[in-house]
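The values are calculated or read from the model by the stated rules, or taken from the named source; none is laboratory data. Here the structure is a predicted model, which means the values were calculated and not measured. Note that each Cβ is placed from the backbone with ideal geometry, even for glycine, and that neighbours are counted across all protein chains shown. These accessible areas exclude ligands, DNA and RNA; they are computed on the full protein's heavy atoms, side chains included. Shrake-Rupley method; radii C 1.70, N 1.55, O 1.52, S 1.80 Å.
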Amino acid sequence: MNLHFTLNVVPHSKKNSSQICTLKNGRTLLLPSKLYKKFENECLDLIQEDLKLYINKPITIKAHFYCKTRRKIDLTNLLEALDDMLVKAGVIEDDCRDIIASHDGSRVFYDKENPRIEVWVEDFKEKYVIWKKSKK
């Protein structure tokens, strides 16, 4: 399986500007920001419109995030948001290590004029040989 798609959105991280809400029983919840929720909804609409598949085997996801800013951006936070959206959209079964085996080749780039997320999905076993330790 080789899949490539582009999400024409400005990449956002889940971890920035979270909201702290206190429940009546005193417990607190950490909720994503309104900006992130808007970003997530835009992505979910695009993903669910274009991708009609369900993946439940080991895959490699490579993502290139083209951001409008040159600020330092944490790649792992962007990947976490993408993985969570793919699960929420029903494209992948889970974002655990048994399904998303790697994020090899993922990067963050600067593109002020055309921010976007380009994603490649490949079978993990086709691309990599898993070495087993030999007994001596």
message: Please pick out the residue among Asp94, Asp123, Asp98 that is over 14 Å from Thr6 (Cα atoms) and out of contact with any Pro (no Cβ under 9 Å at 6 or more places or on another chain).
response: Asp94
message: Show me the strands (runs of 3 or more DSSP E) entirely contained within segment 32-120 in which 3 or more residues are of a type outside the set (Gly, Ala, Ser).
response: 59-67, 107-110
task: Could you give me the residue pairs with C-beta distances under 6 Å whose first residue belongs to segment 54-70 and is under 16 Å from Ser13 (Cβ atoms) and touching a residue at least 24 places away in the same chain (Cβ under 8 Å), whose second residue is among the polar types (S, T, N, Q) and surrounded by fewer than 20 Cβ atoms within 10 Å (Cβ to Cβ) wherever it lies, and which are 6+ apart or on separate chains?
output: Ala63/Ser106
query: Before we move on, is Ala81 surrounded by 19 or more Cβ atoms within 10 Å (Cβ to Cβ), within 11 Å of the chain's Cα centre (by Cα) and of a type outside the set (Asp, Glu)?
result: yes
query: Can you find even one residue in segment 15-26 that is modelled with pLDDT of 90 or more and either among the charged types (D, E, K, R) or open to solvent by less than 40 Å² (accessible area, probe 1.4 Å) (or both)?
result: no
